[in-house]
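Participant: Just passing along the structure, written as structure tokens.
The values are calculated or read from the model by the stated rules, or taken from the named source; none is laboratory data. Predicted, not measured: the structure shown is a model, and the values here were computed from it. Cβ coordinates were reconstructed from backbone atoms using ideal geometry, including for glycine residues, and neighbour counts include every protein chain displayed. Keep in mind that these areas ignore ligands, DNA and RNA; they rest on the heavy atoms of the full protein, side chains included. Shrake-Rupley method; radii C 1.70, N 1.55, O 1.52, S 1.80 Å.
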Amino acid sequence: ADTQGLALEAALGKLSLPEKHPLRMTPEAQRFARTLDPSKTLRQSTRGLSAGTALAATLGEFGLTFKPLRTPDSQIELAVSPREDGQDAWPIGWPLDPDKPQGQLVPALFKIVPVNLDDVPLTDVLTAAAEASAVPIVIDHHAIEAEGIELSELKVTVPSRKTTWGLLLKQVTFPHKLGRRIVADDAGKPFVLITTLKQTLK
């Protein structure tokens, strides 16, 4: 579902989550959610990603995360907690198969393209790269803002040259203390995660 522009509760309601694994807000998550700006809405869509990854990305933008927990009656629930508490939380993307070259797994990101950027907003570059490569790009807004980085103010300049989408994304994010990771959703579909350099190097 296209959840862009929706508040947290509305966005969660549009995700195709399994009924047999109910979503439960822990007391910590409930307290944290009450501190959120009630007008806050999602700035990106998770259309095309698996349900688990979409849920992690959606919650993540609101400073939350989840992990499966077994209940006393041996059922599985999806427990939501603040991101800062979720050390073993469900990730926004999983590592790619290390035995296969990235060029084989995500060939669109390794296609040579002409580039010439002059003081272009970084967000425009990310949008254009996602559309041209047909590879989804998910932005970890919460982690980026926690580092005091204002994404909407960042601009990039790249002299005329030929490069790949993958290298371009690395080149335009690194100077701003950001990084790009090529990861996969729960169904194995590759996508690009834009987050802080600190998170990228973990």
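Participant: Please find, among Ala134, Ala187, the residue that is on the phi < 0 side of the Ramachandran plot and not charged (D, E, K, R). Before the answer, list the steps.
Facilitator: Working: Ala134 fails: on the phi < 0 side of the Ramachandran plot.
Answer to the selection: Ala187.
Participant: Provide a single number: the residues in the range 106-126 that are more than 13 Å from Gly166 (Cβ to Cβ) and open to solvent by 80 Å² or more (accessible area, probe 1.4 Å).
Facilitator: Of the residues in the range 106-126, 5 are more than 13 Å from Gly166 (Cβ to Cβ) and open to solvent by 80 Å² or more (accessible area, probe 1.4 Å).
Participant: I would also like to ask the following. Among the residues of the range 65-80, what is the count of those that are surrounded by 13 or more Cβ atoms within 10 Å (Cβ to Cβ) and either under 21 Å from Ile137 (Cβ atoms) or not aliphatic (A, V, I, L, M) (or both)?
Facilitator: Result for the range 65-80: 4.
Participant: Just checking, does the range 183-194 include any residue being open to solvent by less than 30 Å² (accessible area, probe 1.4 Å) and either part of a helix (DSSP H, G or I) or at pLDDT below 95 (or both)?
Facilitator: no
Participant: I need every pair where a residue in the range 113-133 that is closer than 14 Å to Pro159 by Cβ has its Cβ under 8 Å from the Cβ of a residue that is open to solvent by 50 Å² or more (accessible area, probe 1.4 Å) and among the polar types (S, T, N, Q), sequence separation at least 6 or different chains.
Facilitator: Pro114/Ser160; Val115/Ser160; Asn116/Ser160; Leu117/Thr157; Asp118/Thr157; Asp119/Thr157; Val120/Thr157
Participant: Here is a follow-up. Regarding Ala184, is this residue in contact (Cβ under 8 Å) with a residue 12 or more places away in the chain and in contact with a Phe, Trp or Tyr (Cβ under 8 Å, 6 or more places away or on another chain)?
Facilitator: Spelling it out, Ala184 is indeed in contact (Cβ under 8 Å) with a residue 12 or more places away in the chain and in contact with a Phe, Trp or Tyr (Cβ under 8 Å, 6 or more places away or on another chain).
Participant: Select, from Arg43, Arg24, Arg47, Arg83, the only residue that is open to solvent by 50 Å² or more (accessible area, probe 1.4 Å) and over 21 Å from Val183 (Cα atoms).
Facilitator: From the options Arg43, Arg24, Arg47, Arg83, the qualifying one is Arg24.
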